[in-house]
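Visitor: Structure in structure tokens, see below.
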Amino acid sequence: MSANASTRSLRQHVQRSLGDDFIEPPSVMSAIGNDDDDDDGTEDFHPRGTTSKTRSRGGGRQSRGGRKGGSNINQSDDDLMETSSVSTMAGRHASYGDHQSEEKGYFHHLLTGKTNIQVLVDQWIDSYQANRDEALIELMQFFLDSSGCKGKLTQTMYLKMEHVDMLRAMTEHFDEDTSEYPIIMSGLQYKKFRTSFSEFVVLLIKQSSYSIIYDQYMIDNLVTLLTALSDSPVRAFRHTGTLAVLKVMTALVDIALTISIQKDQSQRQYEAERQKSSARRAADRLDTLTAKRKELEGNENEIKSFMNFIFKGVFIHRYRDIVPDIRCLCISELGEWMKSYPMVFLDDIYLKYIGWTLYDKVGDCRLRCLLALIPLFQTTDLVGKLELFTNRFKDRIVQMTVDCEYEVAVQAIKLLTAILKFNDRILEDKDCENIYELVYHSHRQISQAAGEFLNQKLFHKAEQPSNQSKKRSQNTAYMHLLVQFFIESELHEHATYLVDSMWDQHPMMKDWECMTDILLEAPEQDEDPLDDQHENCLIEIMVCCVRQAATGEYPIGRGQPNRKLTMKEQKQKEDDKKLLTDHFIGALPPLLNKYIADADKLLNLLQIPLHFNYEVYTTTRRERDLDAYLNALSDIVQRHTTAEVFDAVSKCFECVCDVSFTLSNRAIAHRGNIIDKIIANFNAAMGIFEEMDEADEDDLYPLLLNLRKLDAFHQCHDLGNVDLWDKIHLLFKAAIDNEDMSPEIVEKCFGIANRSLLWGLHQLDLQFDKDLLKKIVKRSRKLCTLCQKLMLHANAQICQYAYSTLCDLLISMSPHLVDKNPDYQVLVVEINENLIQSLLTFLNTYVFFAEDPKNQDEQAKIETLHKKRNLLAAYCKLIVHNVLPIQAATNILKYYVKYSNDFGDIIKNTFTRARDISKIHTAKTMAYSLMAVFKDCMTSRDTTQSGSSEDTANIDLSPLRELARRFNLSFGLDMSKQREALAALHRECIRFALTPLFNHDDPTQPGPNILFLEVLPEFASKLLKPDKKAIFDHIDKLVHSATLESDAWQPLLNYRRILNDEPGAGHSLKARTSTGTRGRKRTMPQDDDNSRL
């Protein structure tokens, strides 16, 4: 075969047309050049002329390499061919191993992983040197096997057939059981095989670079076969061939880089030798170096010709392949080439393909582009060549920071961070602002990447003032910038998200000394003092940093809840906790004293002691700091009036009074003094209250203030030595008699009374006492009675406080107490019908039929709905915990459809959890709910059609049907598990519908509830045949003496036909008017065997 013929055939292969199945880039892709330079032919592969020994094999190569007009397979036909081919490819996983275990080929060795890859490569090279045709056949068979093809390549096929015809013949040897093939199969074995496959190809080419790669035969035939594979319409061939030929290209890039380095070294040696004098120069040294350099240049040119051929013949066609995995593969390998050989590939001619693929519809393809670009921008020597690319595709990369694929967005932000390090002026302010907002994103990886960008942009180049009179932390300027950023972001309730984003990015987040110095010390002469907003924001950020360091927990919505810390994270958390405690036990008292008049700042500062390691007080002998801290808490209780501050102080005392703390006695003494003062003031205020006939808000304020303090401390501390019950009971009586009683006073009284019972139960658990048990029983019954009375109060707030307290009381005094101690049986509150009815009356008044104020804004509506949901959830909790019987949910389930948007999730969770208690009772309760809705429909009919002579006229049963449909869906698909429950539901519904069986005025007509049977077909589909037969027989017993001739009996007849699986069941004889949108339309019966129930 002549050299020109071979070159022409390979040129034709390179210049084949693109098909219709390729994904076209958007118009912006034309920003950098076009593909015209890809086909100019100036650098195409020119193989050398073959010798006489290879002439016969060369002819075979020519016929396979050439593209005749009739044999060219355009990608425009790929989809049609692939649709029929993919379904026949790639047998089961085990079949590959079984097939190859007989052959013992390279595929089997790589799949099992028992043979070293280097050994396999050496064996193949030895085989090639002995008989190159047989070695190439083995190698080609390996690629066919790796594609999942079970065909056997013979020497005749190899020598006589074109590659296209050969691959078409092999297409017939795919199994039809699966569409998978080895390189995409799941499982550890096939994952390792893909890695081994790539390593084998790369190592084979590199090992061949020392000899046989330049023999004008091996690489020619190998690349030609793999190019044909990559052009196949069969996905398995195309994917495997593309992977192999791109790995060949990767190996060639490494070889070209090595040759380039050797050539440069040879050139330096030549120049050094030439500059020597004639006496010192070796005789033939220059000639040897010149010959070596020319040989290296020839080898480099040949390798580059192959690289150019593969790029134009494979890459530019496959990077837009219809298969996303192939597109990802092309972009990933191109990125590797750019990193390995930037002198050639880091050029706009190649970069444009990555830029175009940034617009790919598949997220993984976009991700591979970003992963390919990031290392390039992180290399200082390479970024200079990326300036044009950055200008062209910067906007697209900024858009990708809000990509729907989170991982793509993360890598896009990291790429922009790398670009920012290269040139901070290339990104406009609006581009940076879009990324700044992402520090508050709910996805933690995105927020962390945005935090890194923010750190690079704002803090990397910030400078400290040089003329400081006192040495301050180097992070002071950074902290001012962070506070300013937080203020300008206008998201002042999300400091914890900002802190979490910056946590691993900058050391200032743990610089406690810097934060407290800014707050406590006077500013420098050239610094502006912090205003109130800056102080608030700094304190909030500082508290969030303390919480993050002490707990290691992520903010709500980021990461998994209750995440278990690793050993390293746990150790880091303990170390940070000790460091922050050591600093704040000295700095916190001055901060509390400085901001003692500001409640908002105090609420944040009082969160810090909750994260202390209190043993540091003992180990570092800081008793004075402890006394200062306790005195500051005492002053706060004396000077403040808000319940929130008292609650925060109470929690602080709870931590420091822990008996495990060595110095807890000091804290307990301080707490006792504070409580004694509160009790004394409360008694004095009660004395004044008892003497007053009428009292206004000012007169009641001392009483309210001390009730706030008592309630706050009673939440965390046992005040058992102080009996406040009589005085609290007196306030309850005053609230019953006086409609103008302050709701907050009643709320605090409920809190104190309920918690006194809970602390009493706690004492009983520690040490049983019959007298204490009798006292708790008496007071719990009294409190229950008071709650029921106050639920009827004229003030809605007092009613809600009473209702919530009653629900909590029923939970705490539930039958579950008996499990602890049988003597606790007397504590259980008796559940009677009056108690349940009072709770339901409250729900109807304040939840389901509450009158909302007019002209409410959206925020007020949301808060009102939230309160209603809490009230409903309190009642449902009683059912879920088996305090109230399941039947008490009847009047709740009936609203499942009507209030689906507001309370649907709560009601659904209620009957779902109730099923865990009893499926049968839950099904009966559903039946009772359906009955209640039916009665409402009848009442509505009687109201609107009071003058109608027909009892069944114009009844809208659509609410009933919709509720039944929702209930039916909740039973699931496993009918055997719900068999008894469904049967119970049918029995209850039948009993209601047929009671009474006849109309009192006309014995030939059915009873008034007969229409209720129209809802039962909704549940009939879930019944098993034996159950249908049993229910059918049950109905026959009930109506055995009745004459069912009137149309009014049609619901019963229709239900019986459904139970009996008769054709035409589900249609009624007489159509009735229904205004519901979901009601079934009844038609005249038809002889239709295909009618549905």
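The values are calculated or read from the model by the stated rules, or taken from the named source; none is laboratory data. Bear in mind that the values here come from a model prediction, so they are computed numbers and not experimental data. Here the Cβ is made from the backbone with ideal geometry for all residues, glycine too, and neighbour counts use every protein chain on show. Side chains are part of the model used for accessible areas, which takes the heavy atoms of the whole protein and leaves out ligands, DNA and RNA. Shrake-Rupley method; radii C 1.70, N 1.55, O 1.52, S 1.80 Å.
Visitor: Find out how many positive minus negative residues lie around E199, taking Lys and Arg as positive, Asp and Glu as negative, among other residues whose Cβ is under 12 Å from that of E199.
Guide: That sum, taken over residues with Cβ under 12 Å, equals +4.
Visitor: Using the basic label-point model (7 angstrom from Cα toward the beta carbon), what is the D916 to D740 distance in nanometres?
Guide: 5.0
Visitor: Any idea how far the Cα center of the range 481-509 sits from the one of the range 402-464, in Å?
Guide: First find each Cα centre; the distance between them is then 14 Å.
Visitor: With a cut-off of at most 15 other beta carbons within 10 Å, and DSSP calling the residue loop, which chymotrypsin sites (Phe, Trp or Tyr not before Pro) in the range 736-781 qualify? Please list them.
Guide: Within the range 736-781, the qualifying chymotrypsin sites (Phe, Trp or Tyr not before Pro) (loop, at most 15 other Cβ atoms within 10 Å) are F768.
Visitor: Still on this model: Checking the a/c ratio against 1.5 first, then a/b against b/c, what shape does the Cα gyration tensor give for the range 640-715? Walk me through the numbers before you get to the answer.
Guide: On the way: a/c = 4.25, a/b = 2.34, b/c = 1.82.
Prolate shape, in that a/c is at least 1.5 and a/b is the bigger ratio.
Visitor: Which loop chymotrypsin sites (Phe, Trp or Tyr not before Pro) in the range 820-868, with loop taken from DSSP, have no more than 16 other Cβ atoms within 10 angstrom of their Cβ?
Guide: Sites meeting the loop and neighbour criteria: F849.
Visitor: Roughly how many percent of the accessible protein surface of the range 719-830 is carbon and sulfur, given a 1.4 Å probe and a whole-percent answer?
Guide: Details: 2660 of 5560 Å².
In the range 719-830, the share of accessible area belonging to carbon and sulfur is 48 percent.
Visitor: I'd like the accessible area for H173: 1.4 Å probe, protein heavy atoms, all chains in place, Å² to the nearest 10.
Guide: 90
Visitor: Just to make sure I understand: if all protein chains stay in place, what is the order of R318, R941, R991, R285 by accessible area at 1.4 Å, largest first?
Guide: Listed by decreasing accessible area, they come as R991, R285, R941, R318.
Visitor: Would you please classify the overall shape of the range 719-830 from the alpha carbon gyration tensor, given that a ≥ b ≥ c denote the square roots of the eigenvalues, rounded means a/c under 1.5, and beyond that prolate means a/b larger than b/c while oblate covers the rest?
Guide: Judged from the Cα gyration tensor, the range 719-830 comes out prolate (a/c at least 1.5, a/b above b/c).
Visitor: Need one word for the range 105-319: rounded, prolate or oblate. Basis is the Cα gyration tensor (sqrt eigenvalues a ≥ b ≥ c); a/c below 1.5 gives rounded, then a/b vs b/c decides.
Guide: Since a/c reaches 1.5 and a/b is larger than b/c, the shape of the range 105-319 is classed as prolate.
Visitor: Given the whole protein assembly as supplied and a 1.4 Å probe, what does the accessible area of E574 come to in Å², nearest 10?
Guide: 70
Visitor: Just the number please: accessible area per residue for the range 105-319, 1.4 Å probe, all protein chains included, in Å². Please report the intermediate quantities before stating the final value.
Guide: On the way: 8610 Å² over 215 residues.
Computed with neighbouring chains in place, this is 40 Å² per residue.
Visitor: For S780, what charge total do you get from the other residues with a beta carbon under 12 Å from its beta carbon, if Lys and Arg give +1 and Asp and Glu give -1?
Guide: Once all neighbours under 12 Å are counted, the net charge is +4.
Visitor: Please compute the contact order of the range 572-717 in relative form: average sequence separation of alpha-carbon pairs under 8 Å and at least six residues apart, divided by the residue count, as a percent. Can you show the working numbers first?
Guide: Values: 118 pairs, mean separation 34.2, N = 146.
Here the relative contact order equals 23 percent.
Visitor: So how do R238, R444 rank on accessible area, 1.4 Å probe, biggest first, that is with the largest at the start?
Guide: Details: R238 0, R444 30 Å².
The ranking, largest first, comes out as R444, R238.
Visitor: Rounded to the nearest 0.05, what FRET efficiency do D936 and K820 have when you use their Cβ-Cβ distance and R0 = 41 Å?
Guide: The pair D936/K820 has a calculated efficiency of 0.40.
Visitor: Something else: Accessible area of the range 157-288 with a 1.4 Å probe: how many percent of it is carbon plus sulfur?
Guide: Heavy-atom surface of the range 157-288 belonging to carbon and sulfur, 1.4 Å probe: 46 percent.
Visitor: Can you give the accessible area per residue of the range 719-830, in Å², using a 1.4 Å probe?
Guide: Spelled out: the 1.4 Å probe surface of the range 719-830, per residue, equals 50 Å².
Visitor: Please report the projected area of the range 572-717's Cα convex hull averaged over all directions, in nm².
Guide: Projected over every direction and averaged, the Cα hull of the range 572-717 covers 9.1 nm².
Visitor: Moving on. Specify the inter-centroid distance of the range 671-707 and the range 148-195, based on alpha-carbon positions, in whole Å.
Guide: Here the answer is 90 Å between Cα centres.
Visitor: For C404 and D1033, compute 0.36 nm times the residue count separating them, minus their Cα-Cα distance, and round to one decimal in nm.
Guide: In short, 220.6 nm is gained.
Visitor: Could I ask something else about it? Just by accessible area at a 1.4 angstrom probe, what is the order of Y359, Y617 from largest to smallest?
Guide: On the way: Y359 70, Y617 0 Å².
I get Y359, Y617, largest accessible area first.
Visitor: Taking K and R as +1 and D and E as -1, what net charge do the other residues with C-beta under 12 Å from the C-beta of I117 add up to?
Guide: +1
Visitor: Could you run the Karplus curve 6.51 cos²θ - 1.76 cosθ + 1.60 with θ = phi - 60° over the range 971-979 and give me ³J(HN,Hα) per residue in whole Hz, x for Gly and Pro?
Guide: Each residue's phi maps through the Karplus curve to give 6, x, 9, 7, 5, 5, 6, 9, 4 Hz.
Visitor: In nm, what is the difference between 0.36 nm times the number of residues separating Q837 and T995 and their Cα-Cα distance?
Guide: Here the segment from Q837 to T995 would lengthen by 54.3 nm.
Visitor: Could you work out how far apart the two model spin labels at T154 and A860 are, taking each label as a point 7 Å from the Cα in the direction of the beta carbon, and quote it in nm?
Guide: Label-label distance for T154 and A860, simple model: 9.1 nm.
Visitor: Something else now. The range 570-648 to the range 750-815: how many Å between their Cα centroids?
Guide: Going from one Cα centre to the other spans 34 Å.
Visitor: Per residue, how much accessible area does the range 560-676 have with a 1.4 Å probe, in Å²?
Guide: 50
Visitor: Moving on. Mind giving me the nanometre distance, one decimal, between the label points for D122 and Q269, set 7 Å out from Cα along Cα→Cβ?
Guide: Modelled inter-label distance: 2.7 nm.
Visitor: Still on this structure, please answer the following. Amide H to amide H under 5 Å from F998: which residues, 5+ apart in sequence or cross-chain, H placed 1.01 Å off N in plane?
Guide: Placed amide hydrogens put G1007 under 5 Å from F998.
Visitor: For the range 572-717, give the percent of accessible area contributed by carbon and sulfur heavy atoms, probe 1.4 Å, rounded to a whole number.
Guide: Carbon and sulfur atoms account for 45 percent of the accessible area of the range 572-717.
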